[in-house]
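A short reminder: the numbers here are calculations on the coordinates, not readings from a lab. Keep in mind it's a predicted model, so treat the numbers as computed, not measured. Cβ atoms come from the backbone with ideal geometry, glycine included; neighbour counts cover every protein chain shown.
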Amino acid sequence: MAPMLEVKDLVVAYGRVRAVKGISFTIDEGQIVCLLGTNGAGKSTTLRTISGLLRPESGSILFEGEPIGGLKPHKIVAKGIAQSPEGRRIFPEMSVEDNLRLGAYSRRDSQVDDDLGKIFELFPILGERRRQRAGLFSGGEQQMLAIGRAMMSRPRLLMLDEPSMGLSPLMTTTIMRTIEQLRRDGVTILLVEQNAQAALTLADHGYVLEVGQIMYDDAGSALLDDDRIRRTYLGAA
Ligand code: ATP
């Protein structure tokens, strides 16, 4: 079976500075794949390019066999890819429910209310506080909201940029369990994480980026046991 997402020889630059220098990777349907790497490795740039927020300088991005590199973000959402951005980017003055409804802005079907109900099942706290201003929420609750908002576009591929950033260990566990639940519900996941331990515990496969290039990749469990990963990303001596 062809991969769901195939990124080939992707180069992305900010002006003359290349942040992503020819990376290739694939994601099969139903997988959780993670991108690891230190600050500035090019992880967010990669996600933002797949989302259509940045244009590739060269290389290709195929989603379900179709080239999507350089398409506008709303076209990419309509094809079934959604991103929960780094730093969450929720709208603090708007209610929880209105933030969630924004995620469905490009949909023309009549099932938005049903899907809102599903998000409230996944994250009961969002349902209990649906009329409150989102800015009153804790970091973890805002992360739930950002994931919920991305899910409101009914993605088949969900990309999450550092969902555990700034969260307590307990809240990180909650978010990671949710990611597993979403996968069980049939969503394919591309996860960018600084928390390598948490990400690799979930991931079927991981790619390690350093200064815009993939240095190595392996099964999540194999990377957890890999000395290079343990030294660099897991703080092992
Ligand atoms: P982090 O976890 O810190 O976000 P990252 O792996 O996601 O790291 P990117 O944010 O993709 O890394 O950044 C890759 C490189 O591109 C870095 O050298 C960064 O300084 C540079 N960069 C990122 N955004 C811009 C921008 N808007 N303009 C210019 N350079 C940028």
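Output the peptides 187-200, 29-42, 89-102, 9-22 sorted from most to least packed, where packing is the average of other Cβ atoms within 10 Å over each peptide's residues. Can you show the working numbers first?
Working: 187-200: 22.6, 29-42: 19.9, 89-102: 17.4, 9-22: 15.3.
Ranking the peptides 187-200, 29-42, 89-102, 9-22 by packing returns 187-200, 29-42, 89-102, 9-22.
List the residues, sorted by chain then number, that are 5 or more residues from Glu210 or on another chain and whose placed amide H is less than 5 Å from its amide H.
Excluding prolines and chain starts, which carry no amide H, the hits are Met215.
Determine the calculated [θ] at 222 nm for the chain from helices alone, applying -39500 (n - 2.57) to every DSSP H run no shorter than 4 residues and normalising by the residue count; nearest 500 deg cm²/dmol.
Mean residue ellipticity, 222 nm, calculated: -10000 deg cm²/dmol.
Rounded to the nearest 0.05, what FRET efficiency do Asp218 and Thr38 give with R0 = 22 Å and r taken as the Cβ-Cβ distance? Could you check?
FRET efficiency, Asp218 to Thr38: 0.75.
Antiparallel as a % of all DSSP beta bridges within the chain, to the nearest 5? The partial results should precede the final answer.
Values: 22 of 39 bridges.
If we restrict to bridges inside the chain, about 55 percent are antiparallel.
In what sequence, highest mean first, do 146-155, 62-71 appear when ranked by Cβ atoms within 10 angstrom? All intermediate terms of the calculation are to be shown ahead of the outcome.
Details: 146-155: 22.5, 62-71: 15.5.
Highest to lowest by the protection proxy: 146-155, 62-71.
Which of the residue pairs Lys43/Lys72; Lys8/Lys79; Lys72/Lys118; Lys79/Lys118; Lys8/Lys118 have a Cα-Cα distance greater than 23 Å in the structure shown?
Lys72/Lys118; Lys8/Lys118
At 7 Å along Cα-to-Cβ for each site, give me the label-to-label distance between Arg55 and Ser95 in nm.
With each label placed 7 Å out from Cα toward Cβ, I get 4.0 nm.
Counting pairwise Cα distances across the stretch 119-174, what percent come out greater than 20 angstrom?
Numbers: 352 of 1540 pairs.
Of all Cα-Cα distances in the stretch 119-174, 23 percent exceed 20 Å.
Pull up all non-local amide H partners of Cys34: gap of 5 or more, or a different chain, and H-to-H distance under 5 Å with H placed in the peptide plane.
Leu191, His205, Gly206, Tyr207
In percent, how large is the relative contact order of the stretch 16-140, given Cα pairs closer than 8 Å and 6 or more residues apart? Could the numbers behind the result be given before it?
Working: 95 pairs, mean separation 23.1, N = 125.
Averaging sequence separation for qualifying contacts and normalising by length gives 19 percent for the stretch 16-140.
Please label the shape of the stretch 159-216 as rounded, prolate or oblate, based on the square roots a ≥ b ≥ c of the eigenvalues of the alpha-carbon gyration tensor (a/c under 1.5 means rounded; beyond that, a/b larger than b/c means prolate, else oblate). Walk me through the intermediate numbers first.
On the way: a/c = 2.19, a/b = 1.33, b/c = 1.65.
Note, shape of the stretch 159-216 comes out oblate.
With Cβ to Cβ distances under 15 Å as the rule, what net charge do the other residues near Glu6 carry (K, R +1; D, E -1)? Walk me through the numbers on the way to the answer.
Numbers: positive: Lys8, Lys79, Arg156; negative: Asp9, Asp28, Glu29, Glu64, Glu66, Asp217.
Once positives and negatives cancel, what remains is -3.
Out of every Cα-Cα pair in the stretch 100-237, what percent are more than 24 Å apart? Write down the numbers at each step before the final one.
Details: 3414 of 9453 pairs.
Pairs farther apart than 24 Å: 36 percent.
Set the Förster distance to 41 Å, then compute FRET efficiency between Gln111 and Ala2 from the Cβ-Cβ distance, nearest 0.05.
My answer for the efficiency is 0.90.
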